[in-house]
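I have placed the structure first, in the form of structure tokens, so that the comments after it can refer back to it.
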Amino acid sequence: MPKIAVIGAGPVGGYAASLLAAQGHEVSLCEEHKEIGKPIQCTGLLTGSFDELRLPPKSLQSFLVNTTERIELIAPSGRKIEIKQKEYVIDRSKFDGYFVDKAVDNGAKLHLGRRFISAEDNWLQFKDNNAGRRIYAPADFVVGADGPNSAVAQQFGLFGQREFFFGVQAVATGEFDPSAYQAYFGNRFAPGLFAWVVPEDNKTARIGVAVRNNPRQYFDIFLKELNDKRKSKIRIRAWQGGIIPVYNPKLPTEIKNKLVLMGDAATQVKATTLGGIISGLKAAECLAESLKRRESYAQTWKKEIGRDLWLHLQMRKVMDKLSDDEWNKLMQLMGQEKIIPILEKHNREKPGRILFSSLLKEPRLLQFVHHLF
Ligand SMILES: Cc1cc2nc3c(=O)[nH]c(=O)nc-3n(C[C@H](O)[C@H](O)[C@H](O)COP(=O)(O)OP(=O)(O)OC[C@H]3O[C@@H](n4cnc5c(N)ncnc54)[C@H](O)[C@@H]3O)c2cc1C
């Protein structure tokens, strides 16, 4: 049986290790940090598509913090679109821990404090952060699930051209509607993307922005605008943040019989919202499936999620160029009674269904397509 080394015990590496160990592979799971799920660098918002993953029925309860019932999209003008759709707010530390525990239960060997450094032939070099020395371990097959800066991708020459957003988030106290996740659009505080308020309950929310530069400056503008509209002010309890890659469809993600990349290490992130958890977990399922069927991993995941990620990337190109007036116009068109049922029926994991159904009902949406060129 070949030795498989999974590098990175985030949710994607943990899930991949659990699936491969369940198939009977000899798996070692190596994580540079001494504790799983820390530091938190994520909002932990998941669409209902999480239910489609091949997980035991009650798994969600182990890490669920809140279920929101509505998405509120707020245009730069202040106009609000309400979409009835459930989203899960999770505890990211418990979430990562859930997958790693499953991997260990299925027989994977977990090595904490072990940072991958380089590879030569079938030997991997690590820095043991516990003992402060270099160690070497053999591996026939490497799974790079080591996040946006992937040392695995760099060492195997697959890093390529990557573009990043910088996210900054505060866990804050105040008065919040626990049933609604809010996304605020406007170039003042979130050029090209949106700022978010994700409630844990009626007193605590995760508030953040993701931008290409100066995230803290944009965050401060956003917080001020939120506070200006409130009687009781929002107070920050903790800061979090991290980098998020933009999907690059040209990146190679597989060296046959030797290496695969997945999750943020493979830029498998929705370029419109920068959500990468569900697509990364689906890629882990694709790896297990492709090994079982002796098929190409790259072809398997591209068939499963490649088209959707590509569509998000095209939408990102448009979002990058929208002025506030155009955002207002877009939101006015998307907020029409004839479009809302489409937004409520399909979630953002399947952008093709939203795009094509909306265009059929409202051809004026085509006016934004010129931004692609
Ligand atoms: C502010 C912010 C908010 C976000 N909000 C959301 C959201 O609401 N929903 C969503 O779907 N996505 C969100 N994302 C994106 C999401 O966090 C990532 O897509 C997701 O974490 C990817 O999982 P992963 O397992 O591929 O990588 P990671 O979670 O980055 O895990 C990689 C693991 O590898 C380890 N590692 C790194 N290098 C090495 C090495 N050399 N050796 C050993 N171990 C190593 C790391 O310590 C880490 O544990 C957000 C990101 C940010 C920054």
For the structure I just gave you, tell me whether VAL318 is within 13 Å of the ligand (Cβ to nearest atom) and more than 23 Å from ARG92 (Cβ to Cβ). no
Restricted to the range 218-249 and to residues being among the polar types (S, T, N, Q) and more than 16 Å from the ligand (Cβ to nearest atom), the residue farthest from PHE185 (Cα to Cα) is SER232
Restrict the check to the range 292-302 and report whether at least one residue is over 19 Å from ARG364 (Cα atoms) and in contact with a Leu (Cβ under 6 Å, 6 or more places away or on another chain). yes
Would you mind stating whether PHE185 is more than 15 Å from the ligand (Cβ to nearest atom) and either surrounded by fewer than 17 Cβ atoms within 10 Å (Cβ to Cβ) or of a type in the set (A, V, I, L, M, F, W, C) (or both)? yes
Of (1) out of contact with any helix residue (DSSP H, G or I) (no Cβ under 9 Å at 6 or more places or on another chain); (2) not in a loop (DSSP other than H, G, I, E, B), GLY24 satisfies all except one. Which? (2)
What is the residue count in the range 189-217 for residues that are charged (D, E, K, R) and either more than 20 Å from THR273 (Cα to Cα) or away from the ligand (no atom under 15 Å from the Cβ) (or both)? 2
If you check SER150, SER232, which single one turns out to be under 24 Å from GLU69 (Cβ atoms), among the polar types (S, T, N, Q) and either over 16 Å from the mean Cα position of the chain (by Cα) or surrounded by 18 or more Cβ atoms within 10 Å (Cβ to Cβ) (or both)? SER232
Failed criterion for ALA284 (all others in (1) small (Gly, Ala, Ser); (2) surrounded by 24 or more Cβ atoms within 10 Å (Cβ to Cβ); (3) assigned to a loop (DSSP other than H, G, I, E, B) hold): (3)
Look at the range 30-47 and say how many of its residues are closer than 30 Å to GLU69 by Cα and either touching a residue at least 60 places away in the same chain (Cβ under 8 Å) or small (Gly, Ala, Ser) (or both). 11
Working only within the range 287-324, note down all residues that are free of Cβ contacts under 8 Å to residues at least 24 places away in the same chain and part of a helix (DSSP H, G or I). GLU289, SER290, ARG293, GLN299, THR300, LYS302, LYS303, GLU304
THR67 is checked against (1) touching a residue at least 60 places away in the same chain (Cβ under 8 Å); (2) surrounded by fewer than 16 Cβ atoms within 10 Å (Cβ to Cβ); (3) under 27 Å from ALA190 (Cβ atoms); (4) within 20 Å of the chain's Cα centre (by Cα) and fails just one. What number does that condition carry? (1)
Taking the range 35-48 and keeping only residues that are loosely packed, with under 15 Cβ neighbours inside 10 Å and either more than 10 Å from the ligand (Cβ to nearest atom) or closer than 20 Å to GLN169 by Cα (or both), one is left with LYS38, PRO39, GLY48
Could you check, for the range 15-29, whether at least one of its residues is near the ligand (Cβ under 9 Å from one of its atoms), in contact with a Lys or Arg (Cβ under 8 Å, 6 or more places away or on another chain), touching a residue at least 12 places away in the same chain (Cβ under 8 Å) and not hydroxyl-bearing (Ser, Thr, Tyr)? no
Taking the condition away from the ligand (no atom under 13 Å from the Cβ), touching a residue at least 24 places away in the same chain (Cβ under 8 Å) and at negative phi, does ASN122 pass? no
Any chance the range 188-201 includes a residue that's at pLDDT 95 or above, surrounded by fewer than 17 Cβ atoms within 10 Å (Cβ to Cβ), outside any loop (DSSP other than H, G, I, E, B) and not assigned by TED's automatic domain parsing to the domain that holds GLU120? no
Of the residues in the range 296-307 that are out of contact with any Ser or Thr (no Cβ under 8 Å at 6 or more places or on another chain) and crowded, with 17+ Cβ neighbours inside 10 Å, the one that is nearest to PHE373 (Cα to Cα) is GLY306
Taking the condition of being surrounded by 17 or more Cβ atoms within 10 Å (Cβ to Cβ) and in a helix (DSSP H, G or I), how many residues in the range 334-373 meet it? 8
Qualifying residue in the range 70-78 (condition: within 15 Å of the ligand (Cβ to nearest atom) and outside the structural domain of GLN240 (by TED's automatic domain parsing)): no
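The values are calculated or read from the model by the stated rules, or taken from the named source; none is laboratory data. Here the structure is a predicted model, which means the values were calculated and not measured. All Cβ positions, glycine included, derive from the backbone under ideal geometry; neighbour counts span all protein chains shown.
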